[in-house]
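The values are calculated or read from the model by the stated rules, or taken from the named source; none is laboratory data. In this text, all values refer to a predicted model and were calculated from it rather than measured experimentally. Please note: Cβ atoms are built from the backbone with ideal geometry, for glycine as well, and neighbour counts cover all protein chains shown. What goes into the accessible areas is simple: the full protein's heavy atoms, side chains included, and nothing from ligands, DNA or RNA. Shrake-Rupley method; radii C 1.70, N 1.55, O 1.52, S 1.80 Å.
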Amino acid sequence: MPKDNATNDIAQIGHNGGPVDIDPIDAALAPYGDSIEEAQNWLDGTKVENEEQMKAVDKILAEIRQCSSDLANAEKEACGPLHKAWKEEKARWKPSIDDIERIKKGLASLGNGFKQMLAKQKAEEQRKAREEADRKRREAEEAARAAQEGDIESQRAAAAAQEEARAAQKASAEASREKVRGLRTVTRHAIDDHRAALHWIAQNDRDAMTAFIEEYVRRNHRDRSIDGVRVWTEKESF
């Protein structure tokens, strides 16, 4: 008695060499191959025009819904162990990562006050160096204007003033390069007047205000009446 096609297919898949691993996605979709193909035939842009077509579409839609449910369940079954393993591995690392982070922040906090004081001192030294360089530059310019070609002493004084100006400028540049390691500049903020900030945003960033309004209405239109917002119900196919 000849074997049926299904039996032949199974024999061909394994080649009598044992079970073959089947992709769980393929396994979930396999029972619905004909339904998916039929659905795609319907999806040619033509709308339903009569009750017979509506029933046919609803029938295939019910099968696709079941396919969607089975596919989601298969995904959950396949991904569940992986997600569980990922969470367990993350949890294994977390205490050590958190503890090192605490140590890092604690050590940084120990030197914070002294580093800030040192940074202020260096900033003051840099300011003084800049002022000194500016003073020496002005003195050199004044000496150059006062120098006379026939007066060797005035020429020497002007040259000395120029050299002092160059030295002061070099010292200022070197001072400006000195930084306190382990300090960074951070920008912080505090809202003193929410109403004023809201008005500023409305006037200067309308896109941000529009996005906030749309998201707020989307989340809350079912639970509260919002001025300027219409809410209604209607039927739609699903």
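So if we plug the beta-carbon distance of LEU107 and ILE152 into 1/(1 + (r/R0)^6) with R0 = 45 Å, what FRET efficiency do we get, rounded to 0.05? Plugging the Cβ-Cβ distance into 1/(1 + (r/R0)^6) gives 0.10.
Mean sequence separation of contacting Cα pairs (under 8 Å, at least six apart), scaled by the length of the chain, corresponds to a relative contact order of 13 percent.
Computed over protein heavy atoms with a 1.4 Å probe, the accessible surface of the stretch 160-238 works out to 98 Å² per residue.
Our analysis of the stretch 148-238 gives Rg over Rh at 1.57, with the two radii drawn from alpha carbon positions and Rh computed by the Kirkwood formula. Taking a sphere under 14 Å around the Cβ of ASP207 and counting the other residues whose Cβ falls inside, with K and R at +1 and D and E at -1, yields a net charge of -2.
Would you mind checking the tilt of helix 206-220 against the longest principal axis of the Cα atoms of the chain, expressed as 0 to 90 degrees and rounded to 10? Helix 206-220 sits roughly 40 degrees off the main axis of the chain. The stretch 130-172 has equivalent-ellipsoid semi-axes of 21, 9, 5 Å, by the square roots of 5 times the alpha carbon gyration tensor eigenvalues, sorted largest first. May I ask for the angle, rounded to the nearest 10°, between helix 112-146 and the longest principal axis of the chain, with both axes built from Cα atoms and the value confined to 0 to 90°? That helix lies at roughly 50 degrees to the long axis. Checked against a 18 Å cut-off, the cross-linked pairs LYS105/LYS179; LYS136/LYS170; LYS136/LYS179; LYS128/LYS179; LYS122/LYS170; LYS115/LYS170 give Cα-Cα distances beyond that limit for LYS105/LYS179; LYS136/LYS179; LYS115/LYS170. Return the loop-located trypsin sites (Lys or Arg not before Pro) in the stretch 17-71 (DSSP other than H, G, I, E, B) with at most 11 other Cβ atoms within 10 Å of their own Cβ; answer none if there are none. Those satisfying the criteria are LYS47. Checking (i) 71, 30, 28; (ii) 43, 42, 35; (iii) 127, 63, 44 against Cα extents along the principal axes in Å calculated from these atoms, the matching label is (iii). FRET efficiency for ALA160 and GLU131, Cβ-Cβ distance as r, R0 = 22 Å, nearest 0.05? Step by step, r from the Cβ atoms, then E = 0.65.
How large, in percent, is the carbon and sulfur part of the accessible surface of the chain at a probe radius of 1.4 Å? Summing carbon and sulfur atoms, their accessible area is 53 percent of the total for the chain. Taking a straight Cα-Cα cut-off under 24 Å and skipping sequence neighbours fewer than 8 places away in the same chain, the lysines within cross-link reach of LYS59 are LYS47, LYS235.
Histogrammed with a bin width of 10 Å, the alpha carbon distances of the stretch 57-177 distribute as 11, 15, 12, 11, 10, 9, 10, 9, 7, 4, 2, 0 percent, first bin at zero.
The gain in end-to-end length when the GLU142 to GLU174 segment is fully stretched comes to 9.0 nm, 0.36 nm per residue minus the alpha carbon separation. Packing, taken as the mean count of other beta carbons within 10 Å per residue, orders the peptides 206-212, 87-93 from highest to lowest as 206-212, 87-93.
For the chain, take the longest principal axis of its alpha carbons; what is the angle in degrees between that and the long axis of helix 33-42, to the nearest 10 within 0 to 90? The answer is roughly 80 degrees.
As a calculated quantity, the FRET efficiency between SER69 and ILE226 at R0 = 30 Å, using C-beta atoms, amounts to about 0.30. Taking a cut-off of 14 Å, what percent of all Cα-Cα pairs in the stretch 54-100 are separated by more than that? Result: 68 percent of Cα pairs exceed 14 Å. Counting helices only, and only those DSSP H runs with n ≥ 4, report the 222 nm mean residue ellipticity of the chain as the sum of -39,500 (n - 2.57) divided by its residues, in deg cm²/dmol to the nearest 500. For the chain, the value works out to -25000 deg cm²/dmol. Each of LEU198, LEU183, ILE213 was placed along the dipole of the stretch 168-225 (beta-carbon charges, centred on the mean Cα), and the one lying farthest toward the positive end is LEU183.
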